[in-house]
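Chemist: Structure in structure tokens, see below.
The values are calculated or read from the model by the stated rules, or taken from the named source; none is laboratory data. Quick caveat, the model's predicted, so the values are computed rather than measured. Please note: Cβ atoms are built from the backbone with ideal geometry, for glycine as well, and neighbour counts cover all protein chains shown.
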Amino acid sequence: MVTADRLSRARAGDGEAFRELAESHRRELQVHCYRMLGSFADAEDAVQETMLAAWQGIAGFTEERASLRTWLYKIATNRCLNARRAASRRPAREWDMSVFEPPVPTPREEPAWLQPFPDALLEGATGRPPGPEARYEQAEAISLAFVTALQLLPPRQVAVLILRDVLGFRASEVAQMLEVTVPSVNSALKRARASLQRRQQPATGHQPPPAAGSPAEDAIVAKFARAWESADLDALVALLTDDVFIAMPPEPFGYQGRDAVARFWARQLGAGRRFDLVPARANGQPAFAAYLRVPGTRHATGFFVLTLAGDRICGITRFDNSVLPWLGLPRSLPSR
């Protein structure tokens, strides 16, 4: 809670008072930065920069212009915009598709820097309920599909859509944060909504996913784990929708459709390779760390996030094992 005494002490250089004011917003700012950047690591950096900038500028902060929370969101949003512009200057990696054995992956417009967000860090991250103008449920707004779509929008449109439709800030507040006019905010929001709707159209025929932690979700997740650990390819394929897609960031391609996925998995599970799966959650979705069984130990080979549609799996996003420490998972396990 912002009190006059605490704010006065922070302005006077009291670091403890500043932490009491700012730290209560850290989790929600982290989620905000993740939505904008699609990268857990980049979001961590953006939050650190936000807190440093806020500490350096707290002496000039006044609640007459905006609340402390709004002020922090302004700083964080602009740090993320700078990061997005810098990321756009990263050289794109060229991929030689001829090196892939059949089935050859399908090129797809995917963000190269997408990373998962641990569910454990979502607890207490909502801060306060979104404003009345918000259009998205918080669970939908952290899903991998939503965050992926955001990364393909221009930076300013991403900022406006998140601030307006996810967090529910008023147009006048967003205009002040971005130092633009209200008509400019409204125009950017209209374009962002149209672009997002076009990108989400392919999934319109899917059933909604079961509720997180529900018996229905638990059932399909358990079937997937049993089939994967026993290398039962037929059982795995039976769990998929016809248009299932496996994404593998940072590679801008994946495998589309049950047939292509079946042939890809046949290679992955071939030659007697067997895995153990350790359950987890990321982006509000069920997930697993996969550990390859080798003599003496089990090595992590990747992290899978499942996207469900009804009682089927419509998407799987595979990340490499570098993301495991963020989720509290080891790179290796002892043999059973």
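Chemist: Taking S67 as the residue in question, decide whether it is surrounded by fewer than 14 Cβ atoms within 10 Å (Cβ to Cβ) and either of a type in the set (S, T, Y) or in the same structural domain as L150 (by TED's automatic domain parsing) (or both).
Modeler: Yes; evaluated as a whole, the condition is true for this residue.
Chemist: Considering only residues of segment 231-246 that are touching a Lys or Arg at 6+ places or on another chain (Cβ under 8 Å) and of a type in the set (D, E, K, R), which is farthest from V261 (Cα to Cα)?
Modeler: D232
Chemist: Checking the condition part of a loop (DSSP other than H, G, I, E, B), over 19 Å from R318 (Cβ atoms), modelled with pLDDT of 95 or more and of a type outside the set (D, E), which residue from V174, V185, V180 passes?
Modeler: Being part of a loop (DSSP other than H, G, I, E, B), over 19 Å from R318 (Cβ atoms), modelled with pLDDT of 95 or more and of a type outside the set (D, E) holds for just one of V174, V185, V180, which is V180.
Chemist: Moving on. How many residues does segment 31-88 hold that are charged (D, E, K, R), part of a helix (DSSP H, G or I), over 26 Å from A139 (Cα atoms) and free of Cβ contacts under 8 Å to residues at least 40 places away in the same chain?
Modeler: Let us first name the residues in segment 31-88 that are charged (D, E, K, R), namely 35, 42, 44-45, 49, 63-65, 69, 74, 79, 84-85.
If we keep only those that are part of a helix (DSSP H, G or I) as well, we get 35, 42, 44-45, 49, 69, 74, 79, 84-85.
Next, from what is left, pick out any that are over 26 Å from A139 (Cα atoms): 49, 85.
Next cut, free of Cβ contacts under 8 Å to residues at least 40 places away in the same chain only: 49.
Counting residues in segment 31-88 that are charged (D, E, K, R), part of a helix (DSSP H, G or I), over 26 Å from A139 (Cα atoms) and free of Cβ contacts under 8 Å to residues at least 40 places away in the same chain gives 1.
Chemist: May I ask you to list the residues in segment 8-25 that are buried (at least 19 other Cβ atoms within 10 Å of the Cβ) and without any contact (Cβ under 8 Å) to a residue 60 or more places away in the chain?
Modeler: Residues of segment 8-25 buried (at least 19 other Cβ atoms within 10 Å of the Cβ): 10, 17-18, 21-22, 25.
Matches in segment 8-25: A10, A17, F18, L21, A22.
Chemist: May I ask you to list the residues in segment 145-204 that are among the small types (G, A, S) and either closer than 19 Å to A43 by Cβ or in contact (Cβ under 8 Å) with a residue 24 or more places away in the chain (or both)?
Modeler: Across segment 145-204, the qualifying residues are A145, A149, A159, G168, A188, A192, S195, A203.
Chemist: If you don't mind, there's one more thing I want to ask. Of the residues A238, A262, only one is assigned by TED's automatic domain parsing to the domain that holds N321, surrounded by fewer than 16 Cβ atoms within 10 Å (Cβ to Cβ) and of a type in the set (G, A, S); which?
Modeler: When all the criteria are applied, what remains is A238.
Chemist: Checking the conditions here, which among G272, G302, G296 is farther than 22 Å from Q200 by Cα and surrounded by 18 or more Cβ atoms within 10 Å (Cβ to Cβ)?
Modeler: Working: G272 fails: surrounded by 18 or more Cβ atoms within 10 Å (Cβ to Cβ); G296 fails: surrounded by 18 or more Cβ atoms within 10 Å (Cβ to Cβ).
Unique residue meeting the criteria: G302.
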